[in-house]
Amino acid sequence: MSLKILIIDDEEEICLTLTEYFEYYGYECRYLCSSGSIEKMLQQYKADVILLDLKMPEWDGFEVIDSLNLSERNIPYIVISGHASISDTVKVMKLGAMNLYPKPVDMDTLLTEIRGLEQKRELKSKGETAHTLPAESYEKILTQNPLMIRVIQMAKDVAGTNAGVLIRGESGTGKELIAVAIHTNSSSKEGPFVKVNCAALMDTLLESEIFGHEKGAFTGAVNRKIGLFEQASGGTLFLDEIGDMSIETQAKMLRILQDKKYTRLGGTTVFKSNCRILAATNKNLEENIHSGRFREDLYYRLSAVTLNLPPLRKRPEDLAILIRYFIRRFNSEYNKNVCDFSEDVWELVYKHSWPGNVRELKNFVQRMVIFTNGKVAEADLLPEQYKTYSIDDIRESSELYDDLLGDAVRKAILDALIVNGGAKGKTAEALGIDRKTLYNRMKKFGLS
């Protein structure tokens, strides 16, 4: 059974556009354009999710959230607004909104969000949760992000197979957590989970670590060494940063994956490989293949299934839940009683791009908790790098924002034109803009 969507917006044309769009994809929709009947509608129509305009002439979106106790009712809601400030975004996310999107909203983005929520509900009906798999392996993977939820579901699906898995994502996105979760839910879970960072060792040392060596195999090899393949027997070997492995070592790794056999360095005894291989990288392997730095045949051996972890900047709805998790964790560790961040700190949290991803966020919260003596962490405790942004950072962020915004605006106009049968007047009304602005934007984005 598909989700029931309640749309609350004072502009009926926008309500109709959203209704027609989601009904096309099989969702049931109702909409309201006046505040007087919201409570009655919620009693009669058991909405699974609410799309709520933040700024309306008759009433304020914050008042709706507060008066209806949406969080206590456990009704997920997504906020859309044409005039949301950074402080509004911070406030909305702290109140428990799934996300906030600017108008004109990208329909496909909203659809992805709704489908992610639908998947969470389906998993919950089976006694599972969308943001976690078994507690012992997924307790730290906290998310409400549709892309991340999809990754977790794929990890669960592939865990019980012997398929090769390549986990891709920027540094700090949680690649090792996903690898551990796959191992913990696999048929090899009783065996060891062994990790090697391919970027941390020189070629000879890396081969010695992975394959082991015999005494005298090379200068300094004074004793026999058991390699990680042997240590991982019956379990999982996790090759982190596989993109940094040399071509020579890649060739040996390929032979092992093909033949399921290997020898120690300097040895002749053949050992049988009896472990599952998981690999991870933050590199563009396709680019490395093109430049001759990575073997294409090894790539296909490792990546029967590829899991792409989104960076934290693509998971704004997760910032609040991750921060609260880390606050609780570090309160316990350091015997502190921090309850929240100040508004200034929250504003920075949503402005910052978090290039170090969840790892950077964890370190940020740890510092704030350590140096906070009261219940609220204030902005004067911020490290210097978070207080100022260089001109280059601002320019880069602005250019990226402009690109993303341009794509979203073009898609919104195109969707509105389709829904309204190409009628410019109705399209302009649906988007909340005048005809002249619509014509200018259509010309700009090649839609005229």
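The values are calculated or read from the model by the stated rules, or taken from the named source; none is laboratory data. Small disclaimer: the values here were computed from a predicted structure and weren't measured. Glycine also receives a Cβ, built like all others from the backbone with ideal geometry; neighbour counts cover every protein chain displayed.
Side notes on the structure shown:
- If you check 313, 328, 264, 224 for being of a type in the set (Lys, Arg), within 26 Å of the chain's Cα centre (by Cα) and modelled with pLDDT under 90, only one passes: 328.
- Unique match (being touching a strand residue (DSSP E or B) at 6+ places or on another chain (Cβ under 7 Å) and under 30 Å from residue 110 (Cβ atoms)) among 163, 155, 179: 155
- Scanning region 203-244 for residues that are farther than 24 Å from residue 161 by Cβ and β-branched (Val, Ile, Thr) turns up 204, 219, 222, 226.
- Annotation note: of 358, 349, the sole residue that is assigned to a helix (DSSP H, G or I), under 25 Å from residue 116 (Cβ atoms) and in contact with a strand residue (DSSP E or B) (Cβ under 8 Å, 6 or more places away or on another chain) is 349.
- For region 184-237, filtering for residues that are polar (S, T, N, Q) and in contact with an Asp or Glu (Cβ under 9 Å, 6 or more places away or on another chain) leaves 2.
- Assessment of region 214-236 against the conditions (in the same structural domain as residue 278 (by TED's automatic domain parsing) and within 24 Å of residue 288 (Cα to Cα)) yields no matching residue.
- Comparison of 257, 206, 201 shows that the only residue that is on the phi < 0 side of the Ramachandran plot, assigned to a loop (DSSP other than H, G, I, E, B) and surrounded by 14 or more Cβ atoms within 10 Å (Cβ to Cβ) is 201.
- Residues in region 14-37 that are in contact (Cβ under 8 Å) with a residue 60 or more places away in the chain, over 19 Å from residue 426 (Cα atoms) and touching a strand residue (DSSP E or B) at 6+ places or on another chain (Cβ under 6 Å): 27 alone.
- If you go through region 11-34 and pick out every residue that is out of contact with any helix residue (DSSP H, G or I) (no Cβ under 7 Å at 6 or more places or on another chain), surrounded by fewer than 18 Cβ atoms within 10 Å (Cβ to Cβ) and assigned to a helix (DSSP H, G or I), you end up with 3.
- Total residues in region 305-357, condition of a type in the set (Gly, Ala, Ser) and in contact (Cβ under 8 Å) with a residue 60 or more places away in the chain: 2
Each row is one residue, and each column tells you yes or no for (1) modelled with pLDDT of 90 or more; (2) touching a Lys or Arg at 6+ places or on another chain (Cβ under 8 Å).
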residue: 154; (1), (2): yes, no
residue: 157; (1), (2): yes, no
residue: 171; (1), (2): yes, yes
residue: 185; (1), (2): no, yes
residue: 189; (1), (2): no, no
residue: 193; (1), (2): yes, no
residue: 197; (1), (2): no, no
residue: 202; (1), (2): no, no
